[in-house]
Structure formats: structure tokens, C-alpha cells
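Notes follow once the structure below has been shown.
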Amino acid sequence: MLKEYKTTTEVTGPLLVVDKVEGVSYDELVDVTMPSGEERRGKVLEVDGEKAVIQMFEGTTGLDVPETKVRFTGDVLKLPVSTDLLGRTFSGSGKPIDGKPEIVPDEELDINGASINPAARAYPDDFIQTGISTIDGMNTLVLGQKLPVFSGSGMPHSMVAAQIARQATVPSAKDIEFAVVFGAMGITYEEAEFFIDDFTSRGAMEHSVLFINLADDPTVERIATPRMALTAAEYLAFTKGMHVLVILTDMTNYAEALREISSARKEVPGRRGYPGYLYSDLSTLYERAGRLQGEEGSITQIPILSMPEDDITHPIPDLTGYITEGQIVLGRDLHQKGIYPPTNVLGSLSRLMPKGIGEGKTRDDHSGVANQLFASYARGKEVRDLAVILGEGALTDTDKKYLEFTERFEDEFVRQESTDNRSIEDTLTLAWKLLRILPDNELKRVKPEHIEQYAPKAEEQAAA
């Protein structure tokens, strides 16, 4: 029988302090009865002797300290799972919000899960096609990788996230079912409507699961949302053998929620007021991505975060970069030119790209083409800066070719419609078409046999 306590001594923000408790565990679920009879839920955040700190899911408004009843359930927060998750939309606490009934679960899983044991990991080495040239061609996403998107306020990261969710496929594993788990934290009603409408209207909903936490939802629910999403992904990947892409947005809102709770607990703050355990907390989320030896399924993770004031040295992107395997950076300058997606390719990196491209995976010329694009675009941007100072009349003929390449690279390769789903063949052919602007003696990072084999096809396509 559950013991009921009426020993609440303090209410601070979303936190409730209960004294004289026995046998209480960290993360244990709590039922709280208000004086009005209303039931609310919370979980144990800290236990110190006979004192327990409870974090309330629905807030503490209306609580009467002497009259509040608290019951510790002896259980932790769990997510009911089955393949019926696919096609459904849930709140950040795992409750259906699509007007459909609760799912009939095969089992219920603890949302805290566990990071994958490094010894049990299989190395990621399969190409994921997103249909976006700047990712597929130059910063390739690999199955089982964690590759964040660094964005900024007002940038179209929501559109990029929705496009990746719609278009992502694994060309080498067409016989294995592919699913998308989408976790949104602290988003507005408008953003929530955008994601739900986009997934539904473009046919992506049937193989997707959505967890939506709105900006006015409880802070503690924001902490649970990514864990709900990853628990669903682990079930689909490692129990049902699917390849699962997890998209989490916006991790900045998640970190802000951590800071709010840390402040309410009166913890000593770290950098910029964030808790000192921000790094380890983020790692418990990011390290749940990957592949397991002997398992068909996989979890690939794309966390999206908006950098405050576009500052890549801010603690959230900084710590995220230490844990993950690269980053896709969206550039403010390209966005202001009206280019979508505004991918800053020179600031982006996929550390696992070499393992996921090449003959038998994408194409044998992929590595050389990507390196040549990076080198040529970097040179072209230098030339463009020089032309601003000296004028185009001071440029050599080769410099003018680089200037033309840079303008067309941004306008044709980087820019694409949000509905434009380019295959890797399309991306590489377009790359060759642009590289042919430059003299052959400038193409030092591609093999001569690849120029002979692939460049004419690009020229024929351009002529057509």
C-alpha cells in the first residue's frame, strides 16, 4: 500500500519539498493531490536523508502547503511502446494529442534508457541520402551518426528539419523499414502546426512519430521530451529492426529548461548560468544514437539548436560539438541573400563522411569532388573579397573563373527548393557541371580519370 504524506514544507517555482519521507528513490513518480481534489504528477529530483525534492509536471500553482497530499508510486516515468506509435502525435510527456485513443502497448520502457556501450557499437559506414546537396555531397550523413544542425534566431531550421524528415532514405538498405522520430521542445503553436501539417500533407506521417512540447507546456515536460523520443526510437530500432532517424529541435530550449530547474534548486551555476552538469546531461541524450553489433536496426540523430546571437562558442553548441560527430552550420549571410537552405559549407563538417562514401556506397569520385568543391569555394570567397577592395578589373582570368564558380555554386548547388529531393547522382553531376567552369589545371583534388569519366556527362547535361 502506498504511503501518503502531508509533510510538504516548501514550494519554490516548479519544486515541492516534502519532509520525513522513507524509502524514496531518485526519479520516482509522485502523485500529488491538491486541496481541491485535483491530481497532479511529479517526479523525485533529489533525496537528502528524510527530505525529498519533487519536480512537478503541471506546476505548483494553487498548492496549499499544509493541505497537499503526496504519494510516492515506487515507479519511474515510462513510455508505452508498440509499432502503433508510427503515424501518431504525442505530447512531451507521451500522451496522445492527435485525437486518437491510447496505443495498446507491447511493453512499457523507462524513458531514461542508457547510453550504448562502446564495446557493443558497430561502426557507422552506410550512406543516408537526405536529398539536400550541401549535406549529401559535402557533409554526408552516415547511418548511426549524430550530426547536429547549428542555426540562429529567425533561420529556416524548421524547414530544413521537415525536409530531412520527409526525404531521408538509406539506399543500401531498401529492404529495411525506415522511420522518423521527431521531438520538438519549447516550440510555438505556429511551429507545431507547421510540422504536423508538413508531415501529414506530404505523406511522411505514416512512418513517423511526433513528440511535441509547446512553449507554454511545463518545463519538466521539456526535459522528458527528448527522452520520450529516444525511447521510442530505441524500441523501433533494436526491437523491431528499423533504421530510425531522430530529429530533436530545439536543444537550446532544452538547455534553458535545465538552467531554469537548476536555478530553482539553488545549484551553483556554471558557464553563463547553465548547470555544471550540462555536458554530461547532453551526452546522455546524444550517446543513445548509434548501431549495435548483431542488430539490423540503427539510430541516427540530428539535434537542431539555435545559437544565441549566432555565437558558436556559446556553451550549448560548444558542448554539443564535443559530443557529436561534426555539425551542419546555417549561415546568416546566405539566408539574407534569400538562399535556402543557407548551409555554410566551409563551417560545416561530418567527421564520419569518409566512412560512408565512395565506390559501392555513393560513387567512386565522391571524395575528390567534395574536396575540390571545398577548395574551390574557399578560393572563390577570397577572390570575391579581393574584388570588393580592388575591383574586378584587377582580377586575373583565373580569378574571374573562381568568382563565376562561387556565384553559381551558391545559386545552383547550395540553393534548392524545400521540395527538391536530389539523388546523390544528381548532386555529383551538378558538382561536376560547376567544376567545369574552372580550368583543368585548377582541379588538383580530383583524379584525372574521374575528370575524363564524369565531366563530359555534366557538360552534356548542361548543353541539354
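The values are calculated or read from the model by the stated rules, or taken from the named source; none is laboratory data. Because the structure is a prediction, the values reported are computed rather than measured. Glycine gets a Cβ as well: all are built from the backbone with ideal geometry, and neighbour counts include every protein chain shown.
Could we say that Leu45 is touching a residue at least 60 places away in the same chain (Cβ under 8 Å) and surrounded by 16 or more Cβ atoms within 10 Å (Cβ to Cβ) here? Walk me through it before giving the result.
Details: touching a residue at least 60 places away in the same chain (Cβ under 8 Å): yes; surrounded by 16 or more Cβ atoms within 10 Å (Cβ to Cβ): yes.
When the stated conditions are applied, Leu45 passes them.
Restricting attention to the stretch 71-120, which residues are basic (Lys, Arg) and surrounded by 15 or more Cβ atoms within 10 Å (Cβ to Cβ)?
In the first step, residues of the stretch 71-120 are kept if they are basic (Lys, Arg); the result is 71, 78, 88, 95, 100.
Hits for the stretch 71-120 are Arg71, Lys78, Arg88.
Quick one: would you say Val180 is among the aliphatic types (A, V, I, L, M) and within 19 Å of Pro303 (Cβ to Cβ)? Can you show your working first?
On the way: among the aliphatic types (A, V, I, L, M): yes; within 19 Å of Pro303 (Cβ to Cβ): yes.
Judged against the criteria, Val180 is a match.
Out of all the residues in the stretch 181-192, which are out of contact with any Asp or Glu (no Cβ under 8 Å at 6 or more places or on another chain) and at pLDDT below 95? Give the derivation first.
At the first step, the residues of the stretch 181-192 found to be out of contact with any Asp or Glu (no Cβ under 8 Å at 6 or more places or on another chain) are 181-183, 188-192.
Scanning the stretch 181-192 gives Thr188, Tyr189, Glu190, Glu191, Ala192.
Have a look at Leu352, Leu443 and point out the one that is crowded, with 18+ Cβ neighbours inside 10 Å and in contact with a Pro (Cβ under 6 Å, 6 or more places away or on another chain).
That would be Leu352, the only listed residue that is crowded, with 18+ Cβ neighbours inside 10 Å and in contact with a Pro (Cβ under 6 Å, 6 or more places away or on another chain).
Go through the stretch 259-307 and give me each residue that's closer than 27 Å to Tyr235 by Cβ and in contact with a His (Cβ under 6 Å, 6 or more places away or on another chain).
The answer is Ser298, Ile304.
Say we look at the stretch 262-278 and pick out the residues that are over 23 Å from the mean Cα position of the chain (by Cα) and assigned to a loop (DSSP other than H, G, I, E, B); which of these is farthest from Ile54 (Cα to Cα)?
Applying the filter and picking the extreme gives Gly270.
If Glu296 passes every condition in (1) surrounded by 22 or more Cβ atoms within 10 Å (Cβ to Cβ); (2) part of a loop (DSSP other than H, G, I, E, B) but one, which one does it miss?
(1)
So which helices (runs of 4 or more DSSP H) are wholly in the stretch 127-231 and hold at least 2 residues that are under 14 Å from the mean Cα position of the chain (by Cα) and either crowded, with 23+ Cβ neighbours inside 10 Å or not assigned by TED's automatic domain parsing to the domain that holds Gly92 (or both)? Show your work before the answer.
Working: elements: 133-136, 157-167, 189-201.
Where helices (runs of 4 or more DSSP H) fall fully within the stretch 127-231 and carry at least 2 residues being under 14 Å from the mean Cα position of the chain (by Cα) and either crowded, with 23+ Cβ neighbours inside 10 Å or not assigned by TED's automatic domain parsing to the domain that holds Gly92 (or both), they are 157-167.
Would you mention how many residues in the stretch 137-185 are closer than 24 Å to Leu282 by Cα and aromatic (Phe, Trp, Tyr)?
Number of matching residues: 2.
Among the listed residues Gly331, Gly358, which satisfies the condition of being touching a helix residue (DSSP H, G or I) at 6+ places or on another chain (Cβ under 8 Å), on the phi > 0 side of the Ramachandran plot and small (Gly, Ala, Ser)?
On inspection, the qualifying residue turns out to be Gly358.
Out of Asp411, Asp420, Asp385, which single residue is assigned to a helix (DSSP H, G or I), within 29 Å of the chain's Cα centre (by Cα) and not aromatic (Phe, Trp, Tyr)?
Going through Asp411, Asp420, Asp385 in turn, the sole match is Asp411.
Working only within the stretch 383-433, note down all residues that are farther than 21 Å from Gly338 by Cα and of a type in the set (Phe, Trp, Tyr).
If the condition is that a residue be farther than 21 Å from Gly338 by Cα and of a type in the set (Phe, Trp, Tyr), then Tyr402, Trp432 are the ones that fit.
Out of the residues in the stretch 445-455 that are touching a residue at least 60 places away in the same chain (Cβ under 8 Å) and more than 34 Å from the chain's Cα centre (by Cα), state the one that is nearest to Pro342 (Cα to Cα).
Here the answer is Tyr454.
Among the residues of the stretch 232-261, write down those that are more than 18 Å from the chain's Cα centre (by Cα) and either in the same structural domain as Leu16 (by TED's automatic domain parsing) or not in a helix (DSSP H, G or I) (or both). Lay out the reasoning, then the answer.
Here is the first cut: in the stretch 232-261, the ones more than 18 Å from the chain's Cα centre (by Cα) are 235, 238-242, 259-261.
Result: Lys240, Gly241, Met242.
Do we find a residue being closer than 30 Å to Leu349 by Cβ and in the same structural domain as Val209 (by TED's automatic domain parsing) anywhere in the stretch 78-88? Don't jump to the end; show me each part of the working.
Within the stretch 78-88, the first condition is being closer than 30 Å to Leu349 by Cβ, and the residues that meet it are none.
No, every residue in the stretch 78-88 fails to be closer than 30 Å to Leu349 by Cβ and in the same structural domain as Val209 (by TED's automatic domain parsing).
Spot the failing condition for Glu382; the list is (1) more than 30 Å from Ile164 (Cα to Cα); (2) modelled with pLDDT of 95 or more; (3) surrounded by 15 or more Cβ atoms within 10 Å (Cβ to Cβ), and only one is missed.
Condition (3) is where Glu382 drops out.
Just the residues that are outside any helix (DSSP H, G or I), more than 16 Å from the chain's Cα centre (by Cα) and either surrounded by fewer than 22 Cβ atoms within 10 Å (Cβ to Cβ) or of a type in the set (Asp, Glu) (or both), please, taken from the stretch 319-349.
The answer is Lys337, Gly338, Ile339, Tyr340, Asn344.
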